[in-house]
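For reference, the structure is listed below as structure tokens.
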Amino acid sequence: MYRELIGALSKGNQWVKLQPPCADDEMQRAETVVGYPFPKELRELLQETNGDHYCLLSAEEIIENVQRNREIWLPLFEEDYSREAYLDLVDRFIFFATNGCGDYYCYRVKEDGIPDETAIYIWEHEYLGEKCWKKVAGSMEEFIHRYYKGEI
């Protein structure tokens, strides 16, 4: 479903290159590194295409992004945030796509450690705290429609 939808919406976009499906062990590794189970829609998307070299991240890119957030960006914010506060502001998101300008699309993980599957957010990298994220879609299908149509 997602592969066909992206293919149809990105027709003529030379930069979109749908990848083969993500292997189950690679997806499990990504979930382990992220520290949260992936929402059902994200699992289904990765089972159809492991990224598109345009917007959607592969499982490996999801892992790399988490490691960057934890190991590289954290020191830049240490003056303003404790490690725990920073990780709470950044680590409670499952980033799965990017707009190419430093912002990411993601699911927010609730305090109980379960991802909120009813909303997809944009996480704007210029800010930390409540200001950095806002809802852009209610489902993966809506996100894909809106992104590839240039609405978000």
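The values are calculated or read from the model by the stated rules, or taken from the named source; none is laboratory data. All of these numbers come straight from a predicted model, not from anything done at the bench. No Cβ is skipped: glycine too gets one built from the backbone with ideal geometry, and neighbour counts run over all protein chains shown. These accessible areas exclude ligands, DNA and RNA; they are computed on the full protein's heavy atoms, side chains included. Shrake-Rupley method; radii C 1.70, N 1.55, O 1.52, S 1.80 Å.
Can you name the residue in region 7-45 that is in contact with a Phe, Trp or Tyr (Cβ under 6 Å, 6 or more places away or on another chain) and farther than 22 Å from residue 109 by Cβ and is also surrounded by the most Cβ atoms within 10 Å (Cβ to Cβ) among such residues?
10
Those residues that are crowded, with 16+ Cβ neighbours inside 10 Å, aliphatic (A, V, I, L, M) and either assigned to a strand (DSSP E or B) or touching a residue at least 24 places away in the same chain (Cβ under 8 Å) (or both), I need them from region 103-126; list them, please.
109, 120, 122
Just one of the numbered conditions (1) surrounded by fewer than 15 Cβ atoms within 10 Å (Cβ to Cβ); (2) under 25 Å from residue 138 (Cα atoms) is not true of residue 75; which one?
It fails just one condition, (2).
Within region 88-99, is there a residue that is part of a loop (DSSP other than H, G, I, E, B), open to solvent by less than 40 Å² (accessible area, probe 1.4 Å) and modelled with pLDDT under 95?
Yes.
Based on this model, can you work out whether residue 117 counts as in contact with a strand residue (DSSP E or B) (Cβ under 9 Å, 6 or more places away or on another chain), at pLDDT below 85 and among the acidic types (Asp, Glu)?
No: the conditions fail for residue 117.
Considering each of 64, 48, 60 in turn, give the residue that is open to solvent by 30 Å² or more (accessible area, probe 1.4 Å), of a type in the set (Asp, Glu) and within 24 Å of residue 118 (Cα to Cα).
48
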